Amino acid sequence: MDCHARSRAVAGAGDLPDVRPLGPGAGIVKDYVKSRKHDWDTACFVPDLADRGGLRAVVDAFRALQGEFLAGGIVVRAFERFVGPEARVWWLDGQPVHVGPHPDTPGARVEPDLAGIAELVAKLDCRFVTTDVVRRADGAWRVVEVGDGQVSDRPATLDPEVLIGALTPDRVQPSGRFPTAADGRAGED
């Protein structure tokens, strides 16, 4: 699916977001954590943000489907056209450890340009991060999701040692804590 955004509007769990700052065009509805991209036509995609009735119907369907799992509030993002499948990138200390297909398209071969993305991931100062990236219609690569790896499926075709090996005990500092990106890699001088 083509989704995610160039800008966003946010509302509390019971409100309808003010989407006027997003300008004309289509949008998607999500909460602070998840979208309902598998319910694209009824609980995710809004063809025209100026159609308040259509926006209300999608937001209401989204809320009903999320139920008690609604995280934070409602987020509406301006629609961006993406081309090709997403890739999932696994990062350790700001460096890519593995680049592979997104779980929704396990057979896809994607080779994203990570130059600008790596710089941003390093600024997160998180030891272990995953990003889902996709190419926009204008050719730029867009990060559509950042996670800490807790819910990021490891592709069945990926040898677990690729990820686990990068987190071996020889990387643990004498203090017993894992180094952060700011510390540099353990064992390096």
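The values are calculated or read from the model by the stated rules, or taken from the named source; none is laboratory data. As the structure is a prediction and not an experimental result, all values here were calculated from the model. Every residue, glycine as well, gets a Cβ built from its backbone with ideal geometry; the counts of neighbours run over all protein chains shown.
Would you point out the residue of the range 86-103, among those that are of a type in the set (A, V, I, L, M, F, W, C) and out of contact with any helix residue (DSSP H, G or I) (no Cβ under 9 Å at 6 or more places or on another chain), that is surrounded by the most Cβ atoms within 10 Å (Cβ to Cβ)?
So in the range 86-103, the residues of a type in the set (A, V, I, L, M, F, W, C) come out as 87, 89-92, 97, 99.
Imposing the further condition that a residue be out of contact with any helix residue (DSSP H, G or I) (no Cβ under 9 Å at 6 or more places or on another chain) reduces the set to 87, 99.
On the way: A87: 22, V99: 16.
Restricting to residues being of a type in the set (A, V, I, L, M, F, W, C) and out of contact with any helix residue (DSSP H, G or I) (no Cβ under 9 Å at 6 or more places or on another chain), the top hit is A87.
Out of (1) in a loop (DSSP other than H, G, I, E, B); (2) modelled with pLDDT of 85 or more; (3) not β-branched (V, I, T), what's the single condition that is false for L158?
(2)
When you scan the range 71-85, do you find a residue that is outside the structural domain of D132 (by TED's automatic domain parsing), of a type in the set (G, A, S), in a helix (DSSP H, G or I) and surrounded by fewer than 20 Cβ atoms within 10 Å (Cβ to Cβ), even just one?
The answer is no, given that none of the residues of the range 71-85 is outside the structural domain of D132 (by TED's automatic domain parsing), of a type in the set (G, A, S), in a helix (DSSP H, G or I) and surrounded by fewer than 20 Cβ atoms within 10 Å (Cβ to Cβ).
Six or more apart or on different chains, Cβ atoms under 9 Å: show the pairs whose first residue is in the range 149-177 and over 22 Å from P106 (Cβ atoms) and assigned by TED's automatic domain parsing to the domain that holds V129 and whose second is of a type in the set (G, A, S) and modelled with pLDDT under 70.
What qualifies is D170/A186; D170/G187; R171/A186; R171/G187; V172/A186; Q173/A186.
Got a number for residues in the range 26-52 being exposed (fewer than 15 other Cβ atoms within 10 Å of the Cβ), part of a helix (DSSP H, G or I) and modelled with pLDDT under 95?
2
Looking at D132, D153, D104 in this structure, which one is assigned to a loop (DSSP other than H, G, I, E, B) and either closer than 20 Å to D93 by Cα or touching a Phe, Trp or Tyr at 6+ places or on another chain (Cβ under 6 Å) (or both)? Even if it seems obvious, please write down each step before you answer.
Numbers: D132 fails: assigned to a loop (DSSP other than H, G, I, E, B); D104 fails: either closer than 20 Å to D93 by Cα or touching a Phe, Trp or Tyr at 6+ places or on another chain (Cβ under 6 Å) (or both).
Result: D153 is the single residue among D132, D153, D104 that is assigned to a loop (DSSP other than H, G, I, E, B) and either closer than 20 Å to D93 by Cα or touching a Phe, Trp or Tyr at 6+ places or on another chain (Cβ under 6 Å) (or both).
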